[in-house]
Amino acid sequence: MGISEFTVHNVLRTYARQERLGKIQQLRAKEAPGPSRTADRVSLSPAGHKVRVLGQLAAQVVDRHFPDLAPDARLAKVRTTRDELLSRHRDELADERLTPEAFEARLSALYLG
């Protein structure tokens with residue numbers, strides 16, 4: 001079976017077109033202003049920081065009081081402790097005047113102190 005000259009020409013022409021388009025897209029991507037794909041960032045609100053602090057504190061409290069728990073049991077205990085702390089300190093989480101740092105210092109003194 002032979003390949004016609006017309007078919008070879010079409011394949012080469014298509015390949016050349018795809019090469020040009022690929023290079024053009026690469027140039028546009030390099031020249032495009034704005035953040036790159038690796039510059040994605042997530043920033044937490046003050047309430048989000050406080051929730052994160054509560055999660056870390058719950059883990060520290062569980063580790064201090066139950067050092068020999070199996071990993072699955074520890075995870076369950078950390079979750080329940082975090083949920084208890086969230087309900088207990090709900091008002092402080094919502095208080096925008098209380099900074100996450102002050103919140104962390106207060107709770108650390110209260111539970112780990």
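Bear in mind these aren't lab numbers, they're just calculated from the coordinates by the rules spelled out. Source: prediction; values computed, not measured. Neighbour counts are summed over all protein chains in view; Cβ atoms, including those assigned to glycine, are modelled from backbone coordinates with ideal geometry.
222 nm [θ] for the chain, helices only, -39500 (n - 2.57) per DSSP H run of 4+, per residue, to 500? Spell out each step's value before the answer.
On the way: 5 runs with 82 residues, N = 113.
So the calculated ellipticity at 222 nm is -24000 deg cm²/dmol.
To the nearest 20 debye, what charge dipole does the chain have about its Cα centre, counting +1 at the Cβ of each Lys and Arg and -1 at the Cβ of each Asp and Glu? Numbers along the way, then the final one.
Numbers: 19 positive and 15 negative charges, 104 e Å.
So the dipole magnitude of the chain works out to roughly 500 debye.
Given the options 76, 25, 102, identify the residue whose Cα lies farthest towards the positive end of the charge dipole of the chain (+1 on Cβ of Lys, Arg; -1 on Cβ of Asp, Glu).
Result: 25.
At residue 16 and residue 88, where each label point lies 7 Å from the Cα along Cα→Cβ, what is the point-to-point distance in nanometres?
7.5
By count of other Cβ within 10 Å, fewest leading, how are 41, 79 ordered? Mind showing how you got there, number by number?
Numbers: 41 5, 79 14.
Listed from fewest to most nearby Cβ atoms, that is 41, 79.
First measure r as the distance between the Cβ atoms of residue 112 and residue 47, then evaluate 1/(1 + (r/R0)^6) with R0 = 25 Å and state the FRET efficiency to the nearest 0.05. Show your work: numbers first, answer last.
Numbers: r = 22 Å, r/R0 = 0.87.
With R0 = 25 Å, the Cβ-Cβ based efficiency is 0.70.
With the chain treated as a Gaussian network of Cα nodes joined by springs under 10 Å, which of 84, 19, 92 yields the largest mean-square fluctuation?
19
Which of 49, 9 has the fewest other C-beta atoms within 10 Å, and how do the rest follow up to the most?
Values: 49 17, 9 10.
Lowest to highest Cβ neighbour count: 9, 49.
If each residue's Cβ is checked for other Cβ atoms within 10 Å, how do 6, 66, 103 rank with the fewest at the top?
Numbers: 6 8, 66 13, 103 21.
So the residues, fewest neighbours to most, are 6, 66, 103.
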